[in-house]
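Undergrad: The structure follows.
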Amino acid sequence: EKDGHDWFMRKEIFEQPRAVADSLLGRHTRGGQLQLDEMRLSDQELRDIDKIIIIAAGTSFYAGMVAKYAIEHWCRVPVEVELSSEFRYRDPILDYSTLVVAISQSGETADTLQAIRHARLQRSKVLAICNTNGSTIPRESDAVIYTHAGPEIGVASTKGFLTQLVACYLLALYLAQVKGTRYGDEIALVMEQLEAMPAHISSVLDAAPEIYDLAREHVGTRSVLYLGRHAGYPVALEGALKLKELAYLHAEGFAAGELKHGPIALVEEGLPVLCVVPPRGRDQLHDKMISGIQEVRARGAYTICLAEEGDEAITPYADHVIRLPRVPVLLQPLVAVVPLQLFACELATAMGHDVDQPRNLAKSVTVE
Ligand code: M6R
């Protein structure tokens, strides 16, 4: 049942190319139009949306953070991302022109369910992104995009996260199409880039043995930091969450630009710092990231850089480089998170922990 793997989690990590491909299936642009079949909101209702609030918990929240970058960039609609557990209690400003997007792998997370109930009482439309057919959250929503990860058994979410990202990109492209903020050929181009992702994810998985060696070298470490920028920032947060959950280690993710505002004080000799390096582009993201890496290394950090093929600018500042395929910055989370999953899974295994059933955690959190 684990396909020869020691853990469900490891099996699920390796299922990701297929899970991503399945989540894209049938969404192809037919006659230039993107199809989302489970979308029960009319185009007019979507055109009337002037604000989006994404609510989710844990890993699903980090998928929501990536979605904000994609939706705002492609659709020019303001997006807030809020933890489900905080949402109701801050008296959020909601009305019929607000779209609330609830992201939940299980569809049963109590905080997220209570949050959508609150939103619907305020007349907002609710769209669920969910992996579990017929679960409570999609049943209580106005529309649903199902992810097609298949059952996720490991308590730590992996393929659930990647397929949530895919659903978020599809939603963003769909909104862009309906609102007319992007042309058909631009949407078709991103769809092509998305369709290339399963092969890219497979190529990252091919490097698993190298990442396992790296993880085993770090058994005994007390703390690990993760740095990212832009869409790489939620990836850093997700990488840190995986390590906390599985290895019971202190792990923290930061936006690299925040380093000098406090976190750099944590850096000491030998501290492993995993850095998600943005692709080289026209903006300054990549260069800014490099200066952040330089700063932590100058203070003794052991820098592990996840950087795209051909990026040689990082070489002088990296103690170890993990290569990523060359993909656009908004889609990079789909490949960048995979080495971080493998790293956490292997480190926890080497420490003798039960990776599928980490202590104190449940797969679905049905109490508030
Ligand atoms: O089922 P959900 O997506 O609503 O679950 C949300 C979180 O409880 C979940 O992502 C949790 O953080 C995982 N253990 C992360 O690996």
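Undergrad: Look through the range 93-122, keep the residues that are among the hydroxyl-bearing types (Ser, Thr, Tyr), touching a Ser or Thr at 6+ places or on another chain (Cβ under 6 Å) and not in a helix (DSSP H, G or I), and return whichever of them is surrounded by the most Cβ atoms within 10 Å (Cβ to Cβ).
TA: So, considering only residues that are among the hydroxyl-bearing types (Ser, Thr, Tyr), touching a Ser or Thr at 6+ places or on another chain (Cβ under 6 Å) and not in a helix (DSSP H, G or I), the one surrounded by the most Cβ atoms within 10 Å (Cβ to Cβ) is Ser104.
Undergrad: Please go through the range 123-140 and pick out each residue that is of a type in the set (S, T, N, Q), surrounded by fewer than 24 Cβ atoms within 10 Å (Cβ to Cβ) and outside any helix (DSSP H, G or I).
TA: Scanning the range 123-140 gives Ser124, Thr132, Asn133, Ser135.
Undergrad: So, one more: Please name all residue pairs, on different chains or six or more residues apart, with Cβ atoms under 7 Å, provided the first residue is in the range 227-242 and is among the hydrophobic types (A, V, I, L, M, F, W, C) and the second residue is within 11 Å of the ligand (Cβ to nearest atom).
TA: Short answer, once both residue conditions are applied: Leu237/Tyr62; Leu241/Gly58; Leu241/Thr59.
Undergrad: Could you go through the range 78-91 and let me know if any residue there is in contact (Cβ under 8 Å) with a residue 40 or more places away in the chain, closer than 25 Å to Leu189 by Cα, out of contact with any Ser or Thr (no Cβ under 6 Å at 6 or more places or on another chain) and surrounded by 18 or more Cβ atoms within 10 Å (Cβ to Cβ).
TA: No, because not a single residue in the range 78-91 is in contact (Cβ under 8 Å) with a residue 40 or more places away in the chain, closer than 25 Å to Leu189 by Cα, out of contact with any Ser or Thr (no Cβ under 6 Å at 6 or more places or on another chain) and surrounded by 18 or more Cβ atoms within 10 Å (Cβ to Cβ).
Undergrad: Let me ask you something else. Can you go through Gly281, Gly270 and tell me which one is at positive phi and either among the hydroxyl-bearing types (Ser, Thr, Tyr) or surrounded by fewer than 23 Cβ atoms within 10 Å (Cβ to Cβ) (or both)?
TA: Only one candidate qualifies: Gly270.
Undergrad: Do you know which residues across the range 317-368 are among the polar types (S, T, N, Q), within 15 Å of the ligand (Cβ to nearest atom) and either open to solvent by 60 Å² or more (accessible area, probe 1.4 Å) or assigned to a loop (DSSP other than H, G, I, E, B) (or both)?
TA: Those that are among the polar types (S, T, N, Q), within 15 Å of the ligand (Cβ to nearest atom) and either open to solvent by 60 Å² or more (accessible area, probe 1.4 Å) or assigned to a loop (DSSP other than H, G, I, E, B) (or both): Gln357, Asn360, Ser364, Thr366.
Undergrad: What number of residues within the range 272-314 are touching a helix residue (DSSP H, G or I) at 6+ places or on another chain (Cβ under 8 Å) and not β-branched (Val, Ile, Thr)?
TA: Selection size over the range 272-314: 18.
Undergrad: So, one more: Restricted to the range 157-195, and to residues that are modelled with pLDDT of 95 or more and not in a helix (DSSP H, G or I), which residue is nearest to the ligand (Cβ to nearest atom)?
TA: Ser157
Undergrad: Using the structure shown, decide if Tyr212 is modelled with pLDDT under 95, over 14 Å from the mean Cα position of the chain (by Cα) and of a type in the set (Phe, Trp, Tyr).
TA: Judged against the criteria, Tyr212 is not a match.
Undergrad: So Leu246 passes all but one of these: (1) part of a loop (DSSP other than H, G, I, E, B); (2) on the phi < 0 side of the Ramachandran plot; (3) not acidic (Asp, Glu). Which condition number does it fail?
TA: (1)
Undergrad: Now for a different question. Pairs, please: C-beta under 7 Å, at least 6 apart or cross-chain, first residue closer than 15 Å to Val338 by Cα and in the range 1-28, second of a type in the set (Lys, Arg) and crowded, with 20+ Cβ neighbours inside 10 Å?
TA: Filtered contacts from the range 1-28: Glu12/Lys159; Glu15/Lys159; Gln16/Lys159; Ala19/Lys159.
Okay, residues lined up against (1) among the aliphatic types (A, V, I, L, M); (2) in contact with a Phe, Trp or Tyr (Cβ under 6 Å, 6 or more places away or on another chain); (3) modelled with pLDDT of 95 or more:
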{"site": "Gln294", "(1), (2), (3)": "no, yes, yes"}
{"site": "Ala298", "(1), (2), (3)": "yes, no, yes"}
{"site": "Tyr302", "(1), (2), (3)": "no, no, yes"}
{"site": "Asp311", "(1), (2), (3)": "no, no, yes"}
{"site": "Ile314", "(1), (2), (3)": "yes, no, yes"}
{"site": "Ala318", "(1), (2), (3)": "yes, no, yes"}
{"site": "Val321", "(1), (2), (3)": "yes, no, yes"}
{"site": "Pro328", "(1), (2), (3)": "no, no, yes"}
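Undergrad: So, in the range 123-152, how many residues would count as being over 19 Å from Lys363 (Cα atoms) and of a type in the set (S, T, N, Q)?
TA: Final tally of qualifying residues: 2.
Undergrad: Which of the residues spanning the range 14-57 are of a type outside the set (Ser, Thr, Tyr), out of contact with any Asp or Glu (no Cβ under 9 Å at 6 or more places or on another chain) and within 16 Å of the ligand (Cβ to nearest atom)?
TA: Passing the criteria: only Gln16.
Undergrad: Among the numbered criteria (1) touching a helix residue (DSSP H, G or I) at 6+ places or on another chain (Cβ under 8 Å); (2) within 16 Å of the ligand (Cβ to nearest atom), which one does Ala110 miss?
TA: Evaluating Ala110 over (1) touching a helix residue (DSSP H, G or I) at 6+ places or on another chain (Cβ under 8 Å); (2) within 16 Å of the ligand (Cβ to nearest atom) leaves (1) as the failure.
Undergrad: A follow-up question, please. Condition first: of a type in the set (Lys, Arg) and surrounded by 22 or more Cβ atoms within 10 Å (Cβ to Cβ). Now tell me which residues in the range 236-267 satisfy that.
TA: Across the range 236-267, the qualifying residue is only Lys242.
Undergrad: Closer than 24 Å to Met197 by Cβ and touching a helix residue (DSSP H, G or I) at 6+ places or on another chain (Cβ under 7 Å), is that true of Ala57?
TA: Judged against the criteria, Ala57 is not a match.
The values are calculated or read from the model by the stated rules, or taken from the named source; none is laboratory data. What you see is a predicted model; the values in this text were computed from it and never measured. No Cβ is skipped: glycine too gets one built from the backbone with ideal geometry, and neighbour counts run over all protein chains shown. The area values use the complete protein model at the heavy-atom level, side chains included, leaving out ligands, DNA and RNA. Shrake-Rupley method; radii C 1.70, N 1.55, O 1.52, S 1.80 Å.
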